[in-house]
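**Q** One structure, as structure tokens, below. Some questions next.
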Amino acid sequence: MADIETIPGVLACDVGNTAIHLACVKGDQVTPTRSLRVGELSGLGATLAEMWREISPPRKLVACSVNPAALRALEAAATATIGEAVLVVGRDLPLPIDTNLSDPAATGTDRLCAAAAAFDRLGVACVVADYGTAITIDCVNDAGVFQGGAILPGLALAAKSLQAGTAQLPAVELSNPDWVFGKDTRQAIVGGLVFAARGTLKELVEAYATELGHWPIVILTGSDAALVCGEVQASELVQAIVPDLVLRGVAAAYYRTLLK
């Protein structure tokens, strides 16, 4: 696959808990991501058809999914509008990365795709933190083996749980706290959530580094990655934020099958 013209194009789909994200991938070239919220998928068929036309044959439609109902909606829309079956990572395609897990098939394929994409680019031990509906912070060792990681509530989910589980705490709009001491309830909640996410990342990366014997490269992705990291250039911990990391890994799962 040395010539970009000979590489099949992939319409990559990340079927998540709150949204379906899509991009056209050809080798290392990735178009801007388009997203449709779960529950608002009336335009999914039209989006698939439009993006499918952007890819010259040969081409494939590939997805990873942590949301069975949304995946069924994607498959129905694909059949109806472009007459194409969805190749699902972990079901129709092998997992894109070797693992050191007791049950790899039970692990979210979005985590494995993100980890595969990061290691494919870096070739060394790395930590991949994905800040979406849930937060996942995972580690890949120098041999390219996914070691596992941690899962915790995403920032918005944690904020909603505080409102739902208490009598007086309000709903809050997440933002980058430019304060240390929260001077009102809103600031206290936002600061608590964001600083907790930053602290969790530092604690886990340090623990992973101890297990690895050296510091790994840290890559962030997900809608709240910039909120947690701030400016990458000013960070002593994070090397890069890659918004389309999972979609790159979805395509990599397909490309890996071409090398066997």
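**Q** Please give the number of the condition Gly182 fails out of (1) in contact (Cβ under 8 Å) with a residue 24 or more places away in the chain; (2) surrounded by fewer than 21 Cβ atoms within 10 Å (Cβ to Cβ); (3) small (Gly, Ala, Ser); (4) more than 30 Å from Arg256 (Cα to Cα).
**A** So Gly182 meets the others, but not (1).
**Q** Just to be sure before I move on: is Ala70 in contact with a helix residue (DSSP H, G or I) (Cβ under 7 Å, 6 or more places away or on another chain), surrounded by 18 or more Cβ atoms within 10 Å (Cβ to Cβ), of a type in the set (A, V, I, L, M, F, W, C) and not in a loop (DSSP other than H, G, I, E, B) in the structure I sent?
**A** Answer is no for this residue.
**Q** Within region 83-97, which residues are buried (at least 17 other Cβ atoms within 10 Å of the Cβ) and either in a strand (DSSP E or B) or not small (Gly, Ala, Ser) (or both)?
**A** Val86, Leu87, Val88, Val89, Leu93, Leu95, Pro96, Ile97
**Q** Select, from Asp178, Asp184, Asp224, the only residue that is of a type in the set (D, E, K, R) and in contact with a helix residue (DSSP H, G or I) (Cβ under 8 Å, 6 or more places away or on another chain). Walk me through how you get there before you give the answer.
**A** On the way: Asp178 fails: in contact with a helix residue (DSSP H, G or I) (Cβ under 8 Å, 6 or more places away or on another chain); Asp184 fails: in contact with a helix residue (DSSP H, G or I) (Cβ under 8 Å, 6 or more places away or on another chain).
Exactly one of Asp178, Asp184, Asp224 is of a type in the set (D, E, K, R) and in contact with a helix residue (DSSP H, G or I) (Cβ under 8 Å, 6 or more places away or on another chain), namely Asp224.
**Q** Any idea which residue in region 112-138 is surrounded by the most Cβ atoms within 10 Å (Cβ to Cβ), counting only those that are without any contact (Cβ under 8 Å) to a residue 40 or more places away in the chain and part of a strand (DSSP E or B)?
**A** Checking each candidate, the answer is Asp138.
**Q** I'd like to verify a number: residues in region 1-16 that are at pLDDT 95 or above and farther than 16 Å from Asp120 by Cβ, how many?
**A** Narrowing region 1-16 to residues at pLDDT 95 or above: 9-16.
In the following step, the residues that additionally are farther than 16 Å from Asp120 by Cβ were identified as 9, 11, 13-16.
Residues flagged as at pLDDT 95 or above and farther than 16 Å from Asp120 by Cβ within region 1-16 amount to 6.
**Q** Search region 81-106 for residues being in contact (Cβ under 8 Å) with a residue 12 or more places away in the chain and hydroxyl-bearing (Ser, Thr, Tyr), and hand back the single one that is farthest from Arg59 (Cα to Cα).
**A** Ranking the candidates gives Thr99 first.
**Q** Every residue in region 37-65 that is assigned to a loop (DSSP other than H, G, I, E, B) and either surrounded by fewer than 18 Cβ atoms within 10 Å (Cβ to Cβ) or not assigned by TED's automatic domain parsing to the domain that holds Pro8 (or both), please. Outline the logic, then answer.
**A** Taking region 37-65 first, the residues assigned to a loop (DSSP other than H, G, I, E, B) are 38-43, 54-58.
Selection gives Val38, Gly39, Glu40, Leu41, Ser42, Gly43, Glu54, Ser56, Pro57, Pro58.
**Q** Got at least one residue in region 214-225 being surrounded by fewer than 19 Cβ atoms within 10 Å (Cβ to Cβ) and either more than 19 Å from Thr136 (Cα to Cα) or outside the structural domain of Val128 (by TED's automatic domain parsing) (or both)?
**A** yes
**Q** Taking region 1-36 as the search range and keeping residues that are touching a Leu at 6+ places or on another chain (Cβ under 8 Å) and assigned to a loop (DSSP other than H, G, I, E, B), which one is nearest to Leu112 (Cα to Cα)?
**A** So, considering only residues that are touching a Leu at 6+ places or on another chain (Cβ under 8 Å) and assigned to a loop (DSSP other than H, G, I, E, B), the one nearest to Leu112 (Cα to Cα) is Thr33.
**Q** Quick check on my filter: what residues within region 139-173 are over 17 Å from Gly249 (Cβ atoms), free of Cβ contacts under 8 Å to residues at least 60 places away in the same chain and within 16 Å of the chain's Cα centre (by Cα)?
**A** Of everything in region 139-173, those that are over 17 Å from Gly249 (Cβ atoms), free of Cβ contacts under 8 Å to residues at least 60 places away in the same chain and within 16 Å of the chain's Cα centre (by Cα) turn out to be Ala150, Ile151, Leu152, Pro153.
**Q** So how many residues does region 98-147 have that are touching a Lys or Arg at 6+ places or on another chain (Cβ under 9 Å) and over 28 Å from Arg37 (Cβ atoms)?
**A** 3
Here is a yes/no grid of residues against (1) modelled with pLDDT of 95 or more; (2) loosely packed, with under 11 Cβ neighbours inside 10 Å; (3) at positive phi; (4) not polar (S, T, N, Q):
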{"residue": "Ala167", "(1), (2), (3), (4)": "yes, yes, no, yes"}
{"residue": "Arg198", "(1), (2), (3), (4)": "yes, no, no, yes"}
{"residue": "Ala207", "(1), (2), (3), (4)": "yes, no, no, yes"}
{"residue": "Thr210", "(1), (2), (3), (4)": "yes, yes, no, no"}
{"residue": "Val232", "(1), (2), (3), (4)": "no, no, no, yes"}
{"residue": "Val250", "(1), (2), (3), (4)": "yes, no, no, yes"}
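The values are calculated or read from the model by the stated rules, or taken from the named source; none is laboratory data. This one's a predicted model, so the numbers in the text were calculated from it and none came from an experiment. Every residue, glycine among them, receives a Cβ derived from its backbone with ideal geometry; neighbour counts consider all protein chains shown.
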